[in-house]
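J.: Sending over a structure as structure tokens; questions will come in a sec.
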Amino acid sequence: MLNENNINGFLLINKPINYSSYDCIRIIKRIINKKIKIGHTGTLDNFAQGLLIIAIGRESTKKISLFLNADKEYIATGKLGELTDTLDHTGKIIKSENFNQIPDIKLTDIINNFKGEYAQTPPIYSALKFQGKTLYKLAREKKLSEQELEKLANDKKRIVNIYNIELLEYKHPNFTIKVHVSKGTYIRSLINDIAETLETHATCYELLRTKIGDLDINSAIKLENLKSIEVHNMLHEFLTFLQYHL
């Protein structure tokens, strides 16, 4: 049986779509030992996939805060002319219009203009809190009007830094970007902010987190592969990840 004395470190997971960050923790706890303390270094939306860092063991979970300021890299695809209440494809469509195709060079120029710092309003459906409740819970309770929710989101506006951004593909109405950002940047908001520069809206349809700081998704294990490994083999198979320390 694995216990706190023989397992401590960080496991790099390639989180699949339609799993929450907590789902990953629950699965790993079941594989290892429910009594071992486990946490993650930052959530990844259910609709998204990619790198998720899991801290395993008491000493490792104490170091989670050291990851919170890390910059991140994503590959994201947005659809022009469509807006949902969540800013991703899982939400309810609230605006839809036929947006004419534009030259690649125009979209490239607009995207490049986002390099550097800018004031970003987070999505209403986010984990940011107001009076102890997350904004997404307040939105789902439907006790506040749309205007009140928008004001709460606007009050949470913060300066984010887009260290690098590039257009990877544009197949109208979809466009794909690769972006390197500071902590606290919402890619769903960035996708729509780009579209608003074109006087339209956009919804994020695909989101892949490829890096957290210097840690790369290429070093991560797929969750489905982890689930199939027996407990007594796990420590040996993933020693590199489990013994990773800052």
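FYI, it's all coordinate maths here, none of it is from the lab. Predicted model only: the values in this text are computed from it and were never measured. FYI the Cβ positions are ideal-geometry reconstructions off the backbone, even for glycines, and counts take in every protein chain you see.
J.: Treating the Cα atoms of segment 34-190 as identical point scatterers in vacuum, please give the log10 of the normalised Debye intensity I(q)/I(0) at q = 0.10, 0.12, 0.17 Å⁻¹, two decimals.
T.: For the requested q values the scattering log ratios are -0.45, -0.64, -1.19.
J.: Given K106/K133; K62/K211; K92/K157, which pairs have Cα atoms separated by over 30 Å? Walk me through the numbers on the way to the answer.
T.: Details: K106/K133 41 Å; K62/K211 22 Å; K92/K157 23 Å.
From K106/K133; K62/K211; K92/K157, over 30 Å: K106/K133.
J.: Could you give the length gained on full extension between L168 and N46, defined as 0.36 nm per residue of separation minus the Cα-Cα distance, in nm?
T.: Here the answer is 41.6 nm.
J.: Right, next: For segment 17-84 and segment 96-122, what is the centre-to-centre distance using only Cα atoms, to the nearest Å?
T.: 28
J.: Between Y136 and E199, what FRET efficiency comes out of the Förster formula 1/(1 + (r/R0)^6) with R0 = 25 Å and r the beta carbon distance, rounded to 0.05?
T.: Working: r = 28 Å, r/R0 = 1.11.
The computed FRET efficiency comes out at 0.35.
J.: Using helices alone, I'd like the mean residue ellipticity at 222 nm for the chain: each DSSP H run of four-plus residues gives -39500 (n - 2.57), total over residue count, nearest 500. Walk me through the numbers before you get to the answer.
T.: Values: 9 runs with 68 residues, N = 246.
Computed ellipticity for the chain at 222 nm equals -7000 deg cm²/dmol.
J.: Taking a quarter of the surface of the convex hull around the Cα atoms of segment 71-137, what do you get in nm²? Before the final figure, lay out the partial values.
T.: Numbers: hull surface 26.3 nm².
Computing the convex hull of the Cα atoms and averaging its projections yields 6.6 nm².
J.: Follow-up question, since we're still on this one. Apply the Debye scattering formula to segment 50-106, with a single equal point scatterer on each alpha-carbon and no solvent, then give log10 I(q)/I(0) at q = 0.19, 0.21, 0.23, 0.25 Å⁻¹.
T.: For segment 50-106 at q = 0.19, 0.21, 0.23, 0.25 Å⁻¹, log10 I(q)/I(0) is -0.85, -0.92, -0.98, -1.05.
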